[in-house]
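Take a look at the structure below.
The values are calculated or read from the model by the stated rules, or taken from the named source; none is laboratory data. Because the structure is predicted, anything quoted here is derived from the model rather than measured. Methodologically, a virtual Cβ is constructed for each residue, glycine included, from the backbone with ideal geometry; neighbour enumeration extends over all protein chains shown.
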Amino acid sequence: MVIVAGHLIVEPQQRGSYLDGCVSVVQQARSATGCLDFSITADLVDPARINIFECWESQAAVEAFRSGGPSDDQGSAIRSATVAEYDVADVRALFG
């Protein structure tokens, strides 16, 4: 399993439009083979922060979905980003 997690920083006044532009990406990811979960969400505390969380069955599934990252418009809106991939060897369910 692969977890992709982190956050982006955008101008607070651009966060809503940035997230609106991500709706189709989230829809595509969630229907992609090997996607277990995918979300791009507004942070509840920081008005400039967008949280990223993805869960994939395998590295191959991540790579099959990726198409080069955000569009040019979205890329130009990102002031900074901290996102990493984690290879998970074992899973322990807490709920569900």
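Take residue 59 and decide whether it is without any contact (Cβ under 8 Å) to a residue 12 or more places away in the chain and surrounded by fewer than 16 Cβ atoms within 10 Å (Cβ to Cβ). No; evaluated as a whole, the condition is false for this residue. For the residues 42, 84, the requirement of being at pLDDT 95 or above, within 13 Å of the chain's Cα centre (by Cα) and loosely packed, with under 11 Cβ neighbours inside 10 Å singles out 84. Pairs meeting the criteria (first residue in the range 35-46 and hydroxyl-bearing (Ser, Thr, Tyr), second residue surrounded by 14 or more Cβ atoms within 10 Å (Cβ to Cβ), beta carbons under 6 Å, at least 6 apart or on different chains) are 39/53; 41/51.
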